[in-house]
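The values are calculated or read from the model by the stated rules, or taken from the named source; none is laboratory data. Just so it is clear, the model here is predicted, and its values are computed rather than measured. Here the Cβ is made from the backbone with ideal geometry for all residues, glycine too, and neighbour counts use every protein chain on show. Note: accessible area is taken over every heavy atom of the protein model, side chains too, but ligands, DNA and RNA are not part of it. Shrake-Rupley method; radii C 1.70, N 1.55, O 1.52, S 1.80 Å.
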Amino acid sequence: MINALFAAASEAGKAGWVRFLERLCSVAQAEGAAVQILAPEWEGAGWQVGRIALPDAARLHPMRLDRVYSQIDLPGEVAWPEPLRALKVAAGGAGRVVLMIARPNRDFRAAEALALSTLAPHLGQAVMIREALGGERARAARDAEATAALGAGWLVLTPAGTVLEFDPRVAAEFDAGGWLRLRIGARPEFADPDAALRFRQSLAKLGEGGAVVRPIPLGPEGQGVLRLAPGRWRGSPALIGHLRAMPLAEALPVARVAGALDLNRSEARLAALLCDGASLREAAERLGWTLETARSTSKQIYARAGVSGQTGLLRKMFGSALWLG
């Protein structure tokens with residue numbers, strides 16, 4: 001049962017907690033079980049299985065720590081109507097956690113409720129582990145969202161150029177574009193022969209002790225790029241590849257571009273095209289404008305964005321947070 005508890009704490013989602021509670025019901029001969037986290041400033045996560053009527057937080061907060069309560073001594077003026085056993089323990093920064101078992105038809109014997117006492121020294125620690133891992137997962141998810149928004153990813157190669165590991169999201173993007181295919185245990189497969197040649201030349205230079213090699217362009221007009229550098233992976237020498245598929249400003253929501261640069265929607269559409277490298281003539285054709293309209297609008301954009309020209313606009317847009325949502 002203790003193993004099931006820590007397995008639940010280490011697993012994302014509720015499936016592990018459901019398995020733990022089902023195991024607890026079996027051991028305690030209960031018809032229902034629940035876990036409720038009482039966070040410092042709000043009611044935290046909770047899970048339950050089977051038939052159990054849960055007391056509200058107002059009755060759980062006054063419970064003393066490390067004591068197994070029955071329905072007759074649960075805090076509150078009104079007697080709890082069904083047989084219940086509840087244990088509350090401290091869980092560090094996560095707050096407090098209450099573990100409960102119930103069965104509507106008959107009361108628990110001491111031996112059956114002993115399961116809660118057995119778990120008392122471990123329950124708080126398990127919830128602290130859950131909170132710590134949840135924080136790490138949340139940070140990792142935010143990091144992944146940020147790198148995805150910037151079109152960035154990574155791969156790890158052996159010094160001989162065989163793929164050890166890679167970021168599946170960016171690999172799928174490059175594969176879908178027909179630029180690069182990655183498979184564990186094989187060398188990267190490049191659609192462009194020039195890119196394949198540059199890759200072999202980079203391996204040779206890095207194998208000779210070189211620390212810096214030229215990035216390898218991928219895709220049409222170099223929209224993607226792969227840069228290799230020496231590094232380590234799981235304690236062994238490796239090559240770390242940094243991948244990036246340059247995002248297009250035109251793909252961003254117009255309202256986001258407008259808000260970031262204090263522009264109206266028409267100006268934002270033109271700014272996005274200029275950021276993607278279009279000339280004024282090309283942008284005018286795309287938007288159905290005259291060249292003179294595009295030219296006068298671009299001047300308004302530069303003035304409102306506080307830049308001196310298209311180069312300054314590119315620098316400001318690529319240096320801003322508008323790519324990050």
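Tabulated results
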quantity	calculated
Odd one out for residue 275, checked against (1) more than 26 Å from residue 324 (Cα to Cα); (2) in contact (Cβ under 8 Å) with a residue 40 or more places away in the chain	(1)
Search result, residues across region 95-115 that are within 13 Å of residue 36 (Cβ to Cβ) and open to solvent by 10 Å² or more (accessible area, probe 1.4 Å)	96
Positions within region 53-64 being more than 20 Å from residue 93 (Cα to Cα) and surrounded by 16 or more Cβ atoms within 10 Å (Cβ to Cβ), in sequence order	54, 55, 59
Residue 197 part of a strand (DSSP E or B) and open to solvent by 50 Å² or more (accessible area, probe 1.4 Å)	no
Positions within region 154-175 being part of a loop (DSSP other than H, G, I, E, B) and open to solvent by 70 Å² or more (accessible area, probe 1.4 Å), in sequence order	159
Neighbours by Cβ (under 7 Å, 6+ apart or cross-chain): first from region 314-325, hydroxyl-bearing (Ser, Thr, Tyr); second at pLDDT 85 or above and surrounded by 13 or more Cβ atoms within 10 Å (Cβ to Cβ)	320/260
Enumeration of residues in region 23-47 that are surrounded by 14 or more Cβ atoms within 10 Å (Cβ to Cβ) and of a type in the set (Asp, Glu)	31, 43
Yes/no for residue 89 being β-branched (Val, Ile, Thr), under 32 Å from the mean Cα position of the chain (by Cα) and within 29 Å of residue 4 (Cα to Cα)	yes
Test: residue 94 is in contact with a helix residue (DSSP H, G or I) (Cβ under 7 Å, 6 or more places away or on another chain), at pLDDT below 90 and under 30 Å from residue 322 (Cβ atoms)	no
Answer from 255, 245 - the residue that is in contact with a Phe, Trp or Tyr (Cβ under 7 Å, 6 or more places away or on another chain) and within 20 Å of residue 322 (Cβ to Cβ)	245
Meets criteria (within 26 Å of residue 148 (Cβ to Cβ) and touching a strand residue (DSSP E or B) at 6+ places or on another chain (Cβ under 8 Å)) for residue 244	yes
Failed item in (1) open to solvent by 10 Å² or more (accessible area, probe 1.4 Å); (2) modelled with pLDDT of 95 or more, with residue 11 passing the rest	(2)
Test: residue in region 116-131 that is open to solvent by 30 Å² or more (accessible area, probe 1.4 Å), closer than 20 Å to residue 54 by Cα and either free of Cβ contacts under 8 Å to residues at least 24 places away in the same chain or not polar (S, T, N, Q) (or both)	no
Only listed residue being free of Cβ contacts under 8 Å to residues at least 24 places away in the same chain and surrounded by fewer than 18 Cβ atoms within 10 Å (Cβ to Cβ), chosen from 76, 50, 92	76
Residue in region 20-32 that is under 12 Å from residue 97 (Cα atoms) and either assigned to a loop (DSSP other than H, G, I, E, B) or among the hydroxyl-bearing types (Ser, Thr, Tyr) (or both) present	no
Residue satisfying condition, being at pLDDT below 90 and not basic (Lys, Arg), within set 132, 195, 176, 186	176
Unique match (being over 29 Å from residue 325 (Cβ atoms) and among the hydrophobic types (A, V, I, L, M, F, W, C)) among 150, 197	197
